[in-house]
1. So Leu148 ticks every box in (1) in a helix (DSSP H, G or I); (2) of a type in the set (A, V, I, L, M); (3) under 16 Å from the mean Cα position of the chain (by Cα) but one. Which box is left unticked?
2. In segment 166-243, which strands (runs of 3 or more DSSP E) lie fully inside it and hold 2 or more residues that are over 21 Å from Lys46 (Cα atoms) and more than 11 Å from the ligand (Cβ to nearest atom)?
3. Which strands (runs of 3 or more DSSP E) does segment 19-125 wholly contain that include 1 or more residues that are within 13 Å of the ligand (Cβ to nearest atom) and within 18 Å of the chain's Cα centre (by Cα)?
4. For Gly181, indicate whether it is closer than 29 Å to Ser144 by Cα and free of Cβ contacts under 8 Å to residues at least 60 places away in the same chain.
5. Report every pair of residues separated by at least 6 positions or lying on different chains whose Cβ atoms are under 6 Å apart, first residue within segment 106-124 and among the polar types (S, T, N, Q), second in a loop (DSSP other than H, G, I, E, B).
6. Looking at Leu162, Leu148, Leu154, which one is more than 22 Å from Phe35 (Cα to Cα), free of Cβ contacts under 8 Å to residues at least 60 places away in the same chain, outside the structural domain of Phe57 (by TED's automatic domain parsing) and surrounded by 13 or more Cβ atoms within 10 Å (Cβ to Cβ)?
Amino acid sequence: MARRKKVYEGKAKILYEGPEPGTLVQYFKDDATAFNAEKKDVIEGKGVLNNRLSEFFMDGLASAGVPTHFIKRINMREQLIRAVEIVPLEVIVRNRAAGSLSKRLGIEEGTPLPRPIVEFCYKDDKLGDPLVTEEHIIAFGWASQQDLDDMVALALRVNDFLTGVFHAVGIRLIDFKIEIGRIYDGDFQRLIIADEISPDSCRLWDVKTNQKLDKDVFRHDLGNLADAYTEVARRLGVLPRNA
Ligand code: C5P
């Protein structure tokens, strides 16, 4: 059998050519990185958990009418997705202060924000994914004003959905990052949720204890990352078999 063609390898995932035109296979690695890959490790089982969790969130979003790239899970580590043209921006939604916002503005971690705040970072590892304004995005042609409006609307719908899903299992969604892709239908372009949604790209705190159940456990050496992700999967009822 011919080897599959690798299309792209990132820090936590690999993309292979899919079985049909316009599809890709997304493979979840066990690699964990933080601080723009300055800190690295292999966390056994993380890829399996994130594959299953991302399926769960993408499926839920589709049911709520939010379009995503997810087609189906293929096996423990792989899922079939639609090929998209990735918008070169990370879209971050924050409900409480944490991470780079706390650092930048001197706001204590956990402080509730008056309303969800949407931020954009330019996707460029060499530059460390810098925060950019809507002015930069439009001036440099990374997205149009219409795209920006659509991306903010999509991000806030994802926030509403995820906030509710996590709240139901005693987890507070502090913030998260999504990536957005373009698909084309003739002359028309649509924006859909791409990449992954998992504890790698969210901040998740236990509602009662504020225990961290996300990648900050790895970033700040707070315990076992796979245990934290397993707890999230267990609460959501999506624990994979043989994980
Ligand atoms: O570091 P910062 O506070 O800006 O991160 C905000 C949110 O976006 C966090 O949930 C973090 O895990 C996520 N993020 C990400 N990938 C990045 C940067 C941030 O998933 N490259």
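1. (3)
2. Values: elements: 171-185, 188-194, 202-206.
In segment 166-243, 171-185, 188-194 are the strands (runs of 3 or more DSSP E) which contain 2 or more residues that are over 21 Å from Lys46 (Cα atoms) and more than 11 Å from the ligand (Cβ to nearest atom).
3. Qualifying strands (runs of 3 or more DSSP E): 31-34, 89-96, 112-122.
4. no
5. Sorted first by the residue in segment 106-124, then by its partner, the pairs are Thr111/Ala97.
6. Leu148
Every residue, every condition in (1) over 30 Å from Asn224 (Cβ atoms); (2) in contact with a helix residue (DSSP H, G or I) (Cβ under 8 Å, 6 or more places away or on another chain), yes or no:
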position	(1), (2)
Lys46	no, yes
Phe56	no, yes
Ala62	yes, no
Leu80	yes, no
Tyr122	yes, yes
Asp147	yes, no
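Table: residues versus (1) touching a strand residue (DSSP E or B) at 6+ places or on another chain (Cβ under 9 Å); (2) surrounded by 13 or more Cβ atoms within 10 Å (Cβ to Cβ).
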| site | (1), (2) |
| --- | --- |
| Arg4 | yes, yes |
| Ala12 | yes, yes |
| Glu17 | yes, yes |
| Ala37 | no, no |
| Val42 | yes, no |
| Val48 | yes, yes |
| Asn51 | yes, yes |
| Glu55 | yes, yes |
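The values are calculated or read from the model by the stated rules, or taken from the named source; none is laboratory data. In this text, all values refer to a predicted model and were calculated from it rather than measured experimentally. Because the Cβ atoms are built from the backbone with ideal geometry, glycine has one as well, and the counts that use them run over all protein chains shown.
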